[in-house]
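Enquirer: Structure in C-alpha cells, see below.
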C-alpha cells in the first residue's frame, strides 16, 4: 500500500485591493485489491479585486477536478476473504480488469478498466454598490475608508464542463453479457463518454435595508443557461436553454440572536420548466444554557437526472427512458446546538415522490408513490480533564414500500487524550470506532457508475477501528494513523456486495504553513 497525498497552497495580497490564491492537491493510491488504482487531481485559482472607493468588487475563480478510478467489478466470491492462501488481498480474483491490474506510480498510473469523472469551471462575479462611505479614525496615523452599501447590482458569468468516461481495454465478454445484456468480443475495447457544457448568465439586484448590516438583505434576479450534452450516439446529443428567476430574503439581527433566511428559484421556460427549489430557515440563539435552535423547510421539484433517461456506449445504447415525471423531495428539519453542554441534535423528516432509482445494472426506474424517511443524528462530547469521549449516533427509519435501503443505526465513537505540552505542543491521541447495523446495501454498476437497489444480499459488519496521534507545534501539523485495526481480528468489512473495505493501513501526514 503506497497511498500518497500532496497538497500545496499559496495566497498573497499583492496590494490592499488585490488578492490571489492558488491551491493544488493530488491523491494517488494502488488500492488494496486488484484493479483498484485511483488518481485524483484538483487545482483551484481565485482572485479578488476591490476598487479604491470600495464600490466595485470583482471575484474570479477557476477549478479543475479530475478523478480516475479503477473498476474491478468486485471480487468473484467473498469466500476468498477467509481463505488463508489469500491473506495478500491483491491475489483475490476480481470480475473486471484482467490479471495484470495495470501499473502504479505517484505521477503515472496505467489502469486498463477505469472510470474518469472530470469537472472544470470558471466563474466571474462582479458587483457595483450604491451607499454611503465614511473615514474611520483608527489612530493618529491611520484612517480607514469604510463603505456601507444599500443597493447592489451583481452579475455572474459561469462556464462549466463536466465529463464522465468509462474505458475497459481488457474486456470480459461473459461479464458484460451476463449483467448488461450485450455481446462484445474479448479483444474489443468498451468505452463511453458523456459530456455536459453549460454557460450561465445571472443578474441580481440586492438591497440592504439597514446600514452596516450586510446580513440583512433582499435579493431578486434571473438566470439564463445554455447547455449542450454530447454522447457516444450523436443522435441523442441535446442542446437546450433554461430561464429561471430567483429571490432571497435574509435577516440576521445585529445582536446575532435571530437569523431568518427564505429563498426560492423557479424555472419559467426551457427544458426544466416547472422545476423549483424553495427553502426557509428560522434560527434563534437563546442563551448559553439553551444554545441555538433552528427550524428548516425545503421543497425541491426537479427533472430526474439524465443518467436515468439515457446512457450509451460504443457498443450500443443501454438506457432510453421517456416520460419520467418530476421528482419531488420535501425536508422538515429541527436542529439544536449547545456549546455549553457540548451537543448537537438534528432531526430530519423527508418526503419523497416520483423517486428515480436503479434496480439493477441498467434498470433505471421511477417509484410513483409517496414514501418518507425519519433521520435523527445526535452528537455529544463528554470530558473529564484531558480525557474526552466524542459520541455520534444516527437513527434512520423508512416508512412505506420504498426502493431505498438504509442501516437503522449508525454510530461512531472517539476516545481521546488532549493536552498542551511544553507550551507549544498541542497533542490529540486516541481510538476511533464506527459501526452500523446490518442492511441490504446497494449493489454497484461499474459501467454506468451508479449504485442500484437490491434486497437479496445483506451486509453485516463488525466495527471499524482506528488509532491515531495528531499534534501541532505552532505552524507545523502532523498525524500518524493506524486504520482498520479490525482486520487483525476479523475479515474485511463490506461496503457493498462483493466490495470489501480496506485492509490495515499506516498513514503519516505533515502540513507546514509558511507565513510572510
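Enquirer: Using alpha-carbon positions, what is the distance between the centroids of the range 398-439 and the range 1-28, in Å?
Expert: The range 398-439 and the range 1-28 have Cα centres spaced 29 Å from each other.
Enquirer: Follow-up question, since we're still on this one. When Kirkwood radius over Cα pairs in Å is calculated directly from the model, which label among [x] 23.2; [y] 27.2; [z] 29.1 fits?
Expert: Working out Kirkwood radius over Cα pairs in Å from the coordinates points to [y].
Enquirer: Any idea how far the Cα center of the range 269-341 sits from the one of the range 230-252, in Å?
Expert: So the separation of the two Cα centres works out to 16 Å.
Enquirer: Please give the calculated 222 nm ellipticity per residue for the chain, where each DSSP H segment of at least 4 residues contributes -39500 (n - 2.57) and the sum is spread over every residue; nearest 500 deg cm²/dmol?
Expert: Value at 222 nm, helices only, nearest 500: -500 deg cm²/dmol.
Enquirer: While we're looking at this one, here's another question. Let's test the formula: R0 of 51 Å, r as the Cβ-Cβ distance of residue 120 and residue 477. What FRET efficiency results, to the nearest 0.05?
Expert: Here the calculated transfer efficiency is 0.95.
Enquirer: Name all residues of the range 1-43 having a backbone nitrogen under 14 Å from the label point set 7 Å from the Cα of residue 61 along its Cα→Cβ direction, giving them as ranges.
Expert: The answer is 21-23, 43.
Enquirer: For the range 458-504 and the range 162-226, what is the centre-to-centre distance using only Cα atoms, to the nearest Å?
Expert: 31
Enquirer: Given Cα pairs under 8 Å that are at least 6 residues apart, what percent is the relative contact order of the chain? Spell out each step's value before the answer.
Expert: Numbers: 1360 pairs, mean separation 36.2, N = 516.
Result for the chain is 7 percent.
Enquirer: OK, next. Which of the peptides 178-187, 223-232 is most tightly packed, and how do the rest follow, judged by the mean count of other Cβ atoms within 10 Å per residue?
Expert: 223-232, 178-187
Enquirer: Still on this structure, I have one more. For residue 262 and residue 510 in one chain, what is 0.36 nm times their gap in residues minus the Cα-Cα distance, to one decimal in nm?
Expert: Numbers: separation 248, 0.36 × 248 = 89.28 nm, distance 4.20 nm.
Length gained, residue 262 through residue 510: 85.1 nm.
Bear in mind these aren't lab numbers, they're just calculated from the coordinates by the rules spelled out. Source: prediction; values computed, not measured. All Cβ positions, even for glycine, are placed from backbone atoms using ideal geometry, and neighbour counts span all protein chains on display.
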